[in-house]
1. GNM, the chain, Cα, under 10 Å: largest mean-square fluctuation among Ser98, Ser14, Ser25?
2. What figure in square angstrom, to the nearest 10, would you give for the accessible area of Val65 with a 1.4 Å probe?
3. Give the carbon-plus-sulfur fraction of the accessible surface of the range 2-225 in %, rounded to a whole number; probe 1.4 Å, heavy atoms of protein chains only.
4. Convert each backbone phi in the range 42-47 into a coupling constant with the Karplus relation 6.51 cos²θ - 1.76 cosθ + 1.60 (shift: θ = phi - 60°), then list the ³J(HN,Hα) values in order as whole Hz, x for Gly and Pro.
5. Could you give me the ³J(HN,Hα) list for the range 143-152, computed from phi with Karplus coefficients 6.51, -1.76, 1.60 and θ = phi - 60°, whole Hz, x at Gly and Pro?
6. Probe of 1.4 angstrom, ligands and nucleic acids ignored: what's the accessible area per residue over the chain, in square angstrom?
7. Over 22 Å between C-alpha atoms is what I'm after, so list which of Lys10/Lys231; Lys42/Lys201; Lys210/Lys231; Lys5/Lys201 land there.
8. Assigning unit charges at the beta carbon (Lys, Arg +1; Asp, Glu -1) and nothing else, what dipole magnitude in debye, to the nearest 20, does the chain show about its Cα centre?
Amino acid sequence: MIEFKDFSFKYKESENFALSGVSLSIQKGDFVGIIGNSGAGKSTFTYALNGIIPHHFEGDFYGEVNVNGLDTVEASPSQLALTVGSVFQDIDGQMVSSVVEDELLFGLENFGVPHDRIESRMVEMLAMVGIEDLRYRNISTLSGGQKQKVAIAAVAALMPDILVLDEPTAELDPQSSLQIFNMLRMLNEKMGITIIVVEQKIMLLSEFSKRLMIINEGRIFLDGTPQEVLKDT
Ligand code: ADP
Ligand code: ADP
């Protein structure tokens with residue numbers, strides 16, 4: 001369903017390729033963890049999936065990225081948004097509402113969900129991820145872990161085929177980090193959403209990922225089950 005064909009990208013202002021010669025496919029229902037040093041190309045990989053590259057960053061683009069048959073160069077970012085949901089590192093910048101329920105409603109209203117289904121979809125989503133009690137809370141009063149859950153729920157409510165997350169636990173304590181990964185596992189198992197998550201916590205990745213990739217200097221350095229990959233490091 002996701003296919004990279006010899007994909008390379010160099011940012012306009014940069015000397016080196018952020019990603020070079022990436023060829024791989026990811027099947028529906030997978031749970032893929034991505035790890036690598038700072039500057040290795042992890043965020044660039046996520047941008048190639050949701051069309052931010054090439055639509056929002058200028059640079060040299062080679063090869064092809066296909067997501068559910070959509071070529072990311074041809075497809076509009078809004079077409080891609082219904083297929084690939086993204087949770088960025090800066091969730092405060094990503095969230096648009098002050099109250100939790102409005103954050104979910106905003107996406108549902110803007111992505112063509114039938115009007116009589118919007119409220120029930122919002123309520124179902126909050127219940128599914130166990131945050132019904134946060135429905136009327138002001139987002140600015142939530143803990144980091146609660147905010148992250150709201151950001152993920154708002155994107156998952158749109159029922160994308162694929163959910164891409166860039167370091168969702170970066171600022172969270174171990175217990176909240178575990179809760180986020182349990183939530184991702186639930187979305188993967190119950191809704192069949194393909195999960196692609198960039199993460200620095202190797203123990204979490206090895207426990208939750210079905211497939212683990214190490215990116216190094218813009219290339220896929222290792223790719224396999226967590227057992228296979230960790231044996232080689
Ligand atoms: P770096 O040394 O920064 O990694 P390279 O110059 O080795 O960058 O290029 C990395 C990858 O980018 C190559 O493997 C190739 O696939 C692709 N690439 C670079 N230049 C071109 C080009 N002119 N046409 C097509 N692909 C290119
Ligand atoms: P990671 O997410 O693994 O830390 P990135 O994908 O952010 O890595 O960055 C890969 C490479 O691309 C790095 O060398 C980084 O400096 C460069 N890069 C990232 N964003 C930009 C940008 N907007 N302009 C120029 N270079 C960039």
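The values are calculated or read from the model by the stated rules, or taken from the named source; none is laboratory data. Remember, it's a predicted structure, so these values are computed and weren't measured experimentally. Glycine gets a Cβ as well: all are built from the backbone with ideal geometry, and neighbour counts include every protein chain shown. Heavy atoms of the whole protein, side chains included, go into the accessibility calculation; ligands, DNA and RNA do not. Shrake-Rupley method; radii C 1.70, N 1.55, O 1.52, S 1.80 Å.
1. Checking each option, the largest mean-square fluctuation is seen for Ser14.
2. Val65 exposes around 0 Å² with every protein chain in place.
3. Values: 4930 of 10230 Å².
Here it works out to 48 percent.
4. Each residue's phi maps through the Karplus curve to give 5, 5, 4, 4, 5, 5 Hz.
5. Using θ = phi - 60°, the values come out as 6, x, x, 5, 4, 4, 4, 5, 4, 5 Hz.
6. Values: 10940 Å² over 233 residues.
I get 47 Å² per residue for the chain.
7. On the way: Lys10/Lys231 32 Å; Lys42/Lys201 14 Å; Lys210/Lys231 15 Å; Lys5/Lys201 28 Å.
Over 22 Å Cα-Cα: Lys10/Lys231; Lys5/Lys201.
8. Numbers: 18 positive and 33 negative charges, 91 e Å.
Approximately 440 debye in magnitude.
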